[in-house]
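Enquirer: Following this message is one structure expressed as structure tokens.
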Amino acid sequence: MKKQTEDIVREFEKMTNKRYQVYSRSMHHMDGSTLFMCKNQQEKYLIVIGRKGICEKFEGEKIGSVENLDVILGQLSHKNCDAIRELFDLKPKTCTKKTSFGFGDRLGIATAAHAQVAKNYDLFPIFAQQSVRELSRTQRTFKDALESAVWGVFESGYDGTFGADADHVKQIEDLLKAAHEGYSMYTVDPSEYVRNMDKMSQKEIADFYQSHPRRRELETKYVGKTFTLLEKKLVMDEENFVKIFVTYIDVLEHVVKCYDALKGVKKDFDLEISIDETSTPTTPLAHIFIVQELRRRGVDFQTLAPRFVGQWQKGIDYIGDLSLLEKEIAIHSEIAKTLSGYRLSLHSGSDKFSIYPIFARYTEGNLHIKTAGTSYLEAIKVIAVKDVSLYRQIHKYALTRFETDRASYHVTTDLTRIPDVDQLPDSDLVKLFEMPDARQLIHITYGSILTAMESGRYLFKDRILKTLFEHESEHYELLKNHMQKHLNLLKV
């Protein structure tokens, strides 16, 4: 196979006078035909070398022939993506391993590097993973995110199964959009239905609780029940039950509606319940209540993301008492083992290096991790090295957007701790990515940076992509090293 690949590359380069750089890893053979990707100075292409039956499945221009086979040069178009998905079964699948890992890709160009890393670990990779918020801020769609991931998988030569996660979805209509595109995993975010009792009066709490039609039914099932975990007894007394009921009862109703909507259009999928986007940590009794009630109502979910104690800020390591967090992870892991049938999930998982070994140990590897912004940071780090003028412009613009963009994030970023880029020599710009405040500045303003326009043209996006295209090997290498650091700590 290696010699066959080398011969094909040699013939193609001869025919095109070496105008294209071939991605040798992308070489796919089928029924006497060969397909692969290549690039010139401007963009990437799909090459199809085959007989009429195969070539007709793709759109493109015939640019020659090799051994009586047509050579088609095609764009990375929707139609061509659909064709390779069908031919090589590059469709998202449900998780088949106990460890899964989400490789978010805000720019749509990181999957090839992610896939090269994933193949070396015993995990199930989620290559397309974007939240509705991320899609909105980058002006992308579920379709675009998935197709970018498929092309990356094809380019890398990755031959395992992979998933696609419609992440942090709050509206049923968005779930259905993702289902239409073929996503395999759906993360339901019911945070808008989590009732904050700190903002309610005692009368409001009592009125809501006493008048709710499900109160009496669930009181008989839970009040007075004792659960033994790690040799400790947890008692669901009336006070605990009222807090849990008032806080989460509407969450359950929303999740059931989302699940029923998905079941109406999808036969098989992975479902994640995200209750981490709240201000209050998930108590062990709340965890038990949510799992048991969802199961009682027929919701088949595969992963659950509790809200753990401490601060889970974007793009930096965990902030908080590690010993306290370890106790929390231990008991939540014990609940998942006792109730069984699902795995714990860690959101805001980017760069939580102090947490990974603890989480992996107590869950025994039955876990899911989500990352997204950390890959974007590695991309902008390349800009800081390869185009310092562009980076300085990005950094200054980000400073003007930070206060607005931080509104939907819980961060403690202090911009006064970030050095003035005008006072830094070029060689020191990359050191900003070692500073938590500077990392968060770039991480949180991604939407503003990627969509900023002037006179009908992008201020930064096209220049960012052009620089990363020109320095693709350096970009991929940074990505691989960074993601390996994550995965090595998980010991997968």
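The values are calculated or read from the model by the stated rules, or taken from the named source; none is laboratory data. Keep in mind that what you see is a predicted model, and the values were worked out from it rather than measured. Note that each Cβ is placed from the backbone with ideal geometry, even for glycine, and that neighbours are counted across all protein chains shown.
Enquirer: Would you confirm whether or not the range 358-381 contains a residue that is without any contact (Cβ under 8 Å) to a residue 12 or more places away in the chain and small (Gly, Ala, Ser)?
Expert: No, the range 358-381 contains no residue that is without any contact (Cβ under 8 Å) to a residue 12 or more places away in the chain and small (Gly, Ala, Ser).
Enquirer: Name every residue in the range 253-279 that is surrounded by 15 or more Cβ atoms within 10 Å (Cβ to Cβ) and among the hydroxyl-bearing types (Ser, Thr, Tyr), in order of residue number.
Expert: Tyr259, Ser274, Thr278
Enquirer: Sticking with this structure for a sec: At least 2 residues that are under 30 Å from Leu432 (Cβ atoms) and not assigned by TED's automatic domain parsing to the domain that holds His482 in each: list the helices (runs of 4 or more DSSP H) lying fully within the range 282-364 that qualify.
Expert: Details: elements: 284-296, 322-339, 356-363.
Filter on the range 282-364 gives 322-339, 356-363.
Enquirer: Let me ask something else about it. In the range 52-157, which helices (runs of 4 or more DSSP H) lie fully inside it and hold 1 or more residues that are within 13 Å of the chain's Cα centre (by Cα) and in contact (Cβ under 8 Å) with a residue 60 or more places away in the chain?
Expert: Here the list reads 111-118, 132-138.
Enquirer: Farther than 30 Å from Asp428 by Cα, of a type outside the set (Gly, Ala, Ser) and part of a helix (DSSP H, G or I): does that describe Lys381?
Expert: no
Enquirer: Follow-up. Does the range 68-84 contain any residue that is surrounded by fewer than 16 Cβ atoms within 10 Å (Cβ to Cβ) and modelled with pLDDT under 90?
Expert: Yes; the residues of the range 68-84 include at least one that is surrounded by fewer than 16 Cβ atoms within 10 Å (Cβ to Cβ) and modelled with pLDDT under 90.
Enquirer: I've got another one for you. Which of the following residues is charged (D, E, K, R) and either crowded, with 19+ Cβ neighbours inside 10 Å or under 30 Å from Glu181 (Cα atoms) (or both): Glu61, Glu11?
Expert: Glu61
Enquirer: Okay, moving on. What are the residues in the range 466-479 that are surrounded by fewer than 18 Cβ atoms within 10 Å (Cβ to Cβ) and under 20 Å from the mean Cα position of the chain (by Cα), if any?
Expert: Correct list: Glu477 only.
Enquirer: Please determine whether any residue of the range 259-272 is in a helix (DSSP H, G or I), more than 21 Å from Cys95 (Cα to Cα), touching a Phe, Trp or Tyr at 6+ places or on another chain (Cβ under 7 Å) and modelled with pLDDT of 95 or more. Before you say what the answer is, go through the steps one by one.
Expert: Filtering the range 259-272 down to residues in a helix (DSSP H, G or I) leaves 259-263.
The next check asks that each one be more than 21 Å from Cys95 (Cα to Cα); those that pass are none.
Checking the range 259-272: not a single residue is in a helix (DSSP H, G or I), more than 21 Å from Cys95 (Cα to Cα), touching a Phe, Trp or Tyr at 6+ places or on another chain (Cβ under 7 Å) and modelled with pLDDT of 95 or more.
Enquirer: Hey, another quick one. On the given criteria, is Tyr209 surrounded by 17 or more Cβ atoms within 10 Å (Cβ to Cβ) and farther than 23 Å from Val132 by Cβ?
Expert: Numbers: surrounded by 17 or more Cβ atoms within 10 Å (Cβ to Cβ): no; farther than 23 Å from Val132 by Cβ: yes.
No: the conditions fail for Tyr209.
Enquirer: Go through the range 213-230 residue by residue and tally those that are of a type in the set (Lys, Arg) and exposed (fewer than 13 other Cβ atoms within 10 Å of the Cβ).
Expert: Number of matching residues: 2.
Enquirer: Of the numbered conditions (1) of a type outside the set (Phe, Trp, Tyr); (2) over 30 Å from Leu479 (Cα atoms); (3) assigned by TED's automatic domain parsing to the domain that holds Met185, Lys62 satisfies every one except a single condition; which is it?
Expert: Here Lys62 clears every test but (3).
Enquirer: Next up: Scan the range 384-397 and tell me whether some residue there is free of Cβ contacts under 8 Å to residues at least 24 places away in the same chain, under 15 Å from Asp437 (Cβ atoms) and either over 23 Å from the mean Cα position of the chain (by Cα) or crowded, with 16+ Cβ neighbours inside 10 Å (or both).
Expert: So far as the range 384-397 goes, no, none of its residues is free of Cβ contacts under 8 Å to residues at least 24 places away in the same chain, under 15 Å from Asp437 (Cβ atoms) and either over 23 Å from the mean Cα position of the chain (by Cα) or crowded, with 16+ Cβ neighbours inside 10 Å (or both).
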